[in-house]
Amino acid sequence: MTSVTVTRYVVLLGGPGAGKGTQAINLTKRLGLPHLASGDVFRSIRQEDSELGALVRSYYDKGLLVPDDVTIRMILAALSADRYVAGAMLDGFPRTLDQARALDEQLEASGRAIGRVLYLRVPAEELVRRMSGRLLCRGCDAVYHERNNPPREAGRCDRCGGELYQRVDDSEEAARTRLETYFRDTEPLVAYYREQGKLCEVDGQQSVGAVGRELERCVSEEGR
Ligand code: ADP
Ligand code: ADP
Ligand code: ZN
């Protein structure tokens, strides 16, 4: 391909509860990139009364990864929509080496590539605290935390007044499984992208604003 369309693909990498979704809200706005969160895709499918819905529930609800064949097919199909043709903020995908390789292949096939991988480093015990206090809005998917980022009125979304709920997979047992899965299957991606020279590592234990400023610096260095 000789065309010089500016394409920008940014991957958000980090453990469950590291702050990917929280940061994506601000970053997508600042960078003008559309947000594609695999967890949102699966949360929507798991509500469906279909075979696929049942399959997703059987993994998601236990804190297990949806198998690679299904995930790769679904998320790469979603990514091929027109709105992602010039770039995207990928949040929660890839999560395994096979997913990462499949993503590289699909992008390369059309002369595109991942520009930057933003790695939010947060220790396991803090991930547990973040998951166990996390609250989501039924109306607009806004993310809160019981202690770190409480809504003004308990149980109600500041933005849309919607009801707040706890994710089924933030329960203690599923959260433990997700952490184990993360360290086994997803953390190897840190080395994978570091070797490609694409990794930008940020201390995710800082305030939401401080993390956001560092991430912005990472992406503004993208064209070095
Ligand atoms: P992820 O998408 O990586 O799973 P979220 O963005 O949903 O993470 O954040 C997980 C929880 O941690 C939420 O309850 C959120 O409010 C809280 N949180 C996010 N970033 C921070 C931060 N920098 N400091 C403290 N709490 C945070
Ligand atoms: P978190 O924000 O806590 O990191 P997500 O919302 O991204 O969690 O994902 C929730 C669940 O959705 C995962 O535990 C898994 O069941 C499923 N899921 C999301 N992304 C993927 C993926 N790339 N591969 C397999 N399963 C996924
Ligand atoms: Zn809301």
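Worth pointing out:
- GluC sites (Glu not before Pro) within segment 1-109, DSSP loop, no more than 15 other Cβ atoms inside 10 Å: GLU48
- Kirkwood radius and radius of gyration were both taken over the C-alpha atoms of the chain, and their ratio Rg/Rh is 0.95.
- For segment 36-113, projected area of the alpha-carbon convex hull averaged over all directions, nm²: 5.1
- Rounded Å value of the spacing that divides the Cα centres of segment 79-108 and segment 162-181: 25
- Close amide H pairs (under 5 Å, H built 1.01 Å from N) link ASN149 with no residue at least 5 positions away or on another chain.
- Taking amide H as placed 1.01 Å from N in the peptide plane, the amide H of ARG8 sits under 5 Å from that of GLY87, ALA88, each at least 5 places away or on another chain.
- Relative contact order for segment 21-144, counting Cα pairs under 8 Å that sit 6 or more residues apart, in percent: 25
Coordinate-derived values only; no laboratory data. Owing to the predicted nature of the structure, the values given are computational and were not obtained by experimental measurement. Note: ideal-geometry Cβ built from the backbone for every residue, glycine included; neighbour counts use all protein chains shown.
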